[in-house]
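A short write-up of the structure that comes next.
The values are calculated or read from the model by the stated rules, or taken from the named source; none is laboratory data. Given the structure is predicted, the values throughout are model-derived calculations rather than measurements. So basically every Cβ, Gly included, is an ideal-geometry build from the backbone, and we count neighbours across all protein chains shown.
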Amino acid sequence: MVAMDPNRFDIAGCPATMMAVVTTGNGGYEKLDYREVPVPVPGPGDVLLRVLAAGVNNTEINTRLGWYSGGVTTGTNTTADIGEAADDGGWNAATPFPFIQGTDCCGRVVAVGPGVEDVRVGARVLVRACMRPDGDDSMENVWMASDFDGAFAEYVKVPAGEVFPVDCAWTDAELATIPCAYGTAENMLHRAGVADGTRVLVAGASGGVGSAAVQLARRRGAHVTAITSAAKREAVLDLGADRVVTRDDDLVAVLGAESIDVVVDNVAGPGFPAMLRVLRRGGRYVTSGAIAGPIVALDLRDMYLKDITLIGCTAWDAPVFPDLIGYIERGEIRPLLAGTYPLSEIARAQEAFGHKRHIGNLVLLPPSEEEDA
């Protein structure tokens, strides 16, 4: 996907080449190759963005490790060993190595392709990473940086309909914390019907998606109980949680059976059975991840005897991203920027991400933006 095109041309004063992190296959940090590649050319319906900042997420690490393969049954902190070309190692199929990852992008429009008339050159935008090419009536979806080249580069090409101008005082790095984590969290809350007074339990509340879910659920007027480590208790309360329990607590004993309306869980693993036990009759369990392990013990009696609804979320619904832009512009949420790294130091950033000592999101800055920061 990053092969040199001998017939390419310069666009709007952009250089012919750029620096990017090319992921060359499944494996460790040695698969992250920081090198010079061509600047992409926007085709019909595309825009070209200068990347201002790019967030770090579980999904890039999971894809590099091959964690999405059905042959992997452990948590995301365990390196997958599935060889160089797992047929099911990506979100939708085999990952298109070599390619450029980077799901979160804050960028500036520098050029538009043929047929694009409604996107302003010079606008600062966020990219909606989850795209529904067949429309909102279909659950088919493609993701930037999983299905095509992403934002771990100085420039990125995306469909014009997936860029959203944003007018706010946040820094570029702060905006780059939003797309994947907040989009995923807002989509889960939207699908689960979280509203004023809903009793919500958020697992993994100090992570990118979890911390976003705490803020966004609180914004909807929900009563939020969060699960995190004892060391991060005060920080999660500061995000808006009404109550914090630790990972070591017995949820049923501490919270009580049938005490929760909606569970938002991207952790799964051995803690899954307790999630259903604390749900009330008619409650909803919603998930878009499984960082503690995708294989769980499900007692169907806990589900069907209580009329529980299980909701899986990958494709983002139509209101999700426009709503997030509105929340930002109206000051209804705040960014959780845990730190920034130069793009060239992506391995160090991903290693820090894996230690999970931070709260919120880590962000990479391309060379030109690192100089301006």
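Okay, here's what the table says:
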item	result
Search result, residues across segment 245-257 that are of a type in the set (Ser, Thr, Tyr) and part of a loop (DSSP other than H, G, I, E, B)	none
Some residue of segment 258-274 being over 26 Å from residue 354 (Cβ atoms) and part of a loop (DSSP other than H, G, I, E, B)	yes
Residue 169 more than 26 Å from residue 290 (Cβ to Cβ) and free of Cβ contacts under 8 Å to residues at least 40 places away in the same chain	yes
When residues of segment 283-305 are limited to those that are in contact with a strand residue (DSSP E or B) (Cβ under 8 Å, 6 or more places away or on another chain) and under 21 Å from residue 259 (Cβ atoms), the one surrounded by the fewest Cβ atoms within 10 Å (Cβ to Cβ)	303
Conditions (1) modelled with pLDDT under 95; (2) surrounded by fewer than 20 Cβ atoms within 10 Å (Cβ to Cβ); number of the one not met by residue 223	(1)
Test: residue in segment 342-362 that is assigned to a loop (DSSP other than H, G, I, E, B) and not assigned by TED's automatic domain parsing to the domain that holds residue 162	no
Check on residue 324, outside the structural domain of residue 28 (by TED's automatic domain parsing) and farther than 16 Å from residue 183 by Cβ	no
One residue from 302, 323, 307 being assigned to a loop (DSSP other than H, G, I, E, B) and of a type outside the set (Val, Ile, Thr)	307
